[in-house]
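Heads up, the thing below is written out as structure tokens.
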């Protein structure tokens, strides 16, 4: 008892925790920094890393691009090197339409289209028989030429046996973009904006959705998820170019189960839904024979298909003198094909593009192979939303198709003469 105050001092002495709390409050009121959280404490929502999407939906840009070897030249493109398509490490996902590097590279809206409900981009299937006739080379080249002509393009690697678009373009493929897009589609959260984040911009107006890292992961490509990917892709860009695997056989036991994954289902579904089908063959005795049989198999698997035949690597060493005439005569005689595109064998240009991890249009825009692929891209029907005639979706769909049919008929008559 304090005799002066006449009261009992009943309050206990302040503990160490109370003293520490008072010190922290005093420091905060004085403008000092708060003490660090104790070990193991969870970060608050203000931390940027907590708001980043999971690994399967994070944007993939040049921070995922394979580092070139010391002896691999990496020339710039239009005053800048490889465009940065994704965010800087540690930052949240970029907003659609944010400004980026020169020429708009790396942005979602400037170089990859946007969510346009009225847009219905064309689905371009690139298929060919077994034997490496150059399906990926043609798919990448046609996509690059369409983008260079001013269209918004998405290149998708849907090869369930040997995906290689990522390697051709020098992209790291440790995380397949197509699988992530299919998962998002199955969860009901895939839209054009999400698809844009999953497909990095590798050239102005050209996006890439990488394929399977291992062939054993083919079962992750569920049919319902793939349909959602194609639907969102048509709204995102003008042309969706899909690189497909050669096998077309169906599993009879799974043919009636629409939900079960089928290894060849991706190729069959795309070929049946495609607006344009490019069938690629190689200009040599073995490749031409496989092309003739492949066209027969395609007609059985996809009745009513009207493919555009592209013969790759045309050279005199493989078929004799005047190789263009010999290839045309062989396909006319054995397959009844008169309207075809011939891509000359241009090994130096294609090797240079592969070494640099760039498209043929970037590495050698004036090479004979690039010029032939440019003509092939120009022959594809324009997207219906941009070239619609007569008002209404029906008129836009019919106009380009009739015009393309008339052009092909005129070319056929000229060839027969």
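The values are calculated or read from the model by the stated rules, or taken from the named source; none is laboratory data. In this text the structure is predicted, and so the values were computed from the model without any measurement. Every residue, glycine as well, gets a Cβ built from its backbone with ideal geometry; the counts of neighbours run over all protein chains shown.
Details
- Taking the listed residues 352, 263, 326, the one that is in contact with a helix residue (DSSP H, G or I) (Cβ under 8 Å, 6 or more places away or on another chain) and in a loop (DSSP other than H, G, I, E, B) is 263, with no other qualifying.
- Residue 177 vs. criteria at pLDDT 75 or above, within 15 Å of the chain's Cα centre (by Cα), within 16 Å of residue 233 (Cα to Cα) and crowded, with 24+ Cβ neighbours inside 10 Å: yes
- Hits in segment 355-369 - residues which are surrounded by 17 or more Cβ atoms within 10 Å (Cβ to Cβ) and touching a residue at least 40 places away in the same chain (Cβ under 8 Å): 356, 357, 358, 359, 360, 361, 362, 369
- Tally, over segment 106-142, of residues that are part of a helix (DSSP H, G or I), more than 16 Å from residue 309 (Cβ to Cβ) and at pLDDT 85 or above: 2
- Residue count for segment 158-196 satisfying the condition of being touching a strand residue (DSSP E or B) at 6+ places or on another chain (Cβ under 7 Å) and part of a loop (DSSP other than H, G, I, E, B): 6.
- Residue selected from segment 132-155 under the condition touching a strand residue (DSSP E or B) at 6+ places or on another chain (Cβ under 6 Å) and over 14 Å from residue 374 (Cβ atoms), by the criterion surrounded by the most Cβ atoms within 10 Å (Cβ to Cβ): 155
Here is a yes/no grid of residues against (1) buried (at least 24 other Cβ atoms within 10 Å of the Cβ); (2) modelled with pLDDT of 95 or more:
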site: 215; (1), (2): no, no
site: 231; (1), (2): no, yes
site: 243; (1), (2): yes, yes
site: 279; (1), (2): yes, yes
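- The residue that is nearest to residue 182 (Cα to Cα), among those in segment 285-294 that are surrounded by fewer than 21 Cβ atoms within 10 Å (Cβ to Cβ) and without any contact (Cβ under 8 Å) to a residue 60 or more places away in the chain, is 292.
- Residue 253 meets each of the listed conditions (1) at pLDDT below 95; (2) under 26 Å from residue 299 (Cα atoms); (3) assigned to a helix (DSSP H, G or I) apart from (3).
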